[in-house]
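The values are calculated or read from the model by the stated rules, or taken from the named source; none is laboratory data. Note that the coordinates shown come from a computational prediction; the quantities given were computed from them, not determined experimentally. Positions of Cβ are generated from backbone atoms using ideal geometry, with glycine treated the same way; all protein chains shown enter the neighbour counts. Side chains included, ligands, DNA and RNA excluded: accessible areas come from the protein's heavy atoms. Shrake-Rupley method; radii C 1.70, N 1.55, O 1.52, S 1.80 Å.
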Amino acid sequence: TIQVQDQLKQILNGNIDIELPPISLSPTTKSLTKKYLIRGGLPLSYLAPDEDSALLEIQKTFDRGFYPIRSETHSLSDSVAVELSLLHSKEFTYANIIKKTRVGNRVLINEVIEALISHGYIGCLLPFLFDENKRTYLKKYFYFDPGLVTYLSGYRDLNKEIGYKIEGIVYSRLLNHLQFQLTKNKGLYFYKKYSLKSDGSLRFSKGEVD
């Protein structure tokens, strides 16, 4: 209803406070969670004797699966895959990819991204807009397996990236749930407060609700 939609808008815009209960993990659960966030869920990676061996197994899996779509765009494919791991669950931008590869053609970059999506490596989130007639290029990509993020980005320290890795896991589980629903759904979104400029285009504010 319009009333429910208005209340949701008030919550998303920060006009209504919501208290969340604290969450704590047992030492064993915390250790297993950390292992999964670094190594991911690929069987040979998770069961490997150490992290280096785990990342080697991830490399083998990624290279075998991604090889068919590389061909003449080999270096571009690598650069896009690495950049998406650095922007895992964050707002996507072409800037670094164009700077590193000197490929200004966004069509080629988008082809690699679409290939990663079709091969089941990454998913995509769009911002939710209350005005369905508006369009934006803003989006977020996330890898389905956190081990791929570790391998491609080279980051093993979870202190800074743990939140984004957990977001990616939540996104992937939600997307999987939506894909197996019998009823029609509109997809997976995140919300970022926005306003309209004088020319009708969107101006997004800092911060977001996932």
(Q) For segment 42-63: of the residues being under 22 Å from the mean Cα position of the chain (by Cα) and more than 23 Å from Asp78 (Cβ to Cβ), which is least open to solvent (accessible area, probe 1.4 Å)? (A) Tyr46
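From the residues in segment 66-76 that are assigned to a helix (DSSP H, G or I) and surrounded by 14 or more Cβ atoms within 10 Å (Cβ to Cβ), which one is modelled with the lowest pLDDT? Working first, answer last.
As a first pass, look at segment 66-76 and keep what is assigned to a helix (DSSP H, G or I): 66-69, 71-76.
Going one step further and asking which of them are surrounded by 14 or more Cβ atoms within 10 Å (Cβ to Cβ), we end up with 66, 69, 73, 76.
Details: Phe66: 63, Ile69: 49, Thr73: 54, Leu76: 83.
Filtering segment 66-76 for residues that are assigned to a helix (DSSP H, G or I) and surrounded by 14 or more Cβ atoms within 10 Å (Cβ to Cβ), the one modelled with the lowest pLDDT comes out as Ile69.
Please go through segment 104-151 and give me each residue that is charged (D, E, K, R) and either crowded, with 21+ Cβ neighbours inside 10 Å or over 11 Å from the mean Cα position of the chain (by Cα) (or both), ordered by number. Break it down stepwise before answering.
The initial filter retains those residues of segment 104-151 that are charged (D, E, K, R), namely 106, 111, 114, 131-132, 134-135, 139-140, 145.
Listed by number, the residues that qualify are Arg106, Glu111, Glu114, Asp131, Glu132, Lys134, Arg135, Lys140, Asp145.
Only residues that are modelled with pLDDT of 70 or more, more than 15 Å from the chain's Cα centre (by Cα) and closer than 22 Å to Lys134 by Cα: list them for segment 179-193, please. Break it down into steps so the answer makes sense when it comes.
Initially, segment 179-193 is screened for residues modelled with pLDDT of 70 or more, giving 179-180, 187-193.
Those left that are additionally more than 15 Å from the chain's Cα centre (by Cα): 179-180, 192-193.
Answer for segment 179-193, where residues must be modelled with pLDDT of 70 or more, more than 15 Å from the chain's Cα centre (by Cα) and closer than 22 Å to Lys134 by Cα: Lys192, Lys193.
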Q: Quick one: Ser79 ticks every box in (1) open to solvent by less than 50 Å² (accessible area, probe 1.4 Å); (2) modelled with pLDDT of 80 or more; (3) in a helix (DSSP H, G or I); (4) more than 21 Å from Tyr164 (Cβ to Cβ) except a single one, so which number is it?
A: (4)
Q.
Here are the criteria: (1) of a type outside the set (Ser, Thr, Tyr); (2) in a strand (DSSP E or B); (3) open to solvent by 40 Å² or more (accessible area, probe 1.4 Å). Tell me which single one Asn96 does not satisfy.
A. (2)
Q: Starting from segment 33-57, take each residue that is among the acidic types (Asp, Glu) and part of a loop (DSSP other than H, G, I, E, B) and list its partners that are modelled with pLDDT under 90 and open to solvent by 90 Å² or more (accessible area, probe 1.4 Å), counting only C-beta distances under 6 angstrom and pairs at least six apart or across chains.
A: none
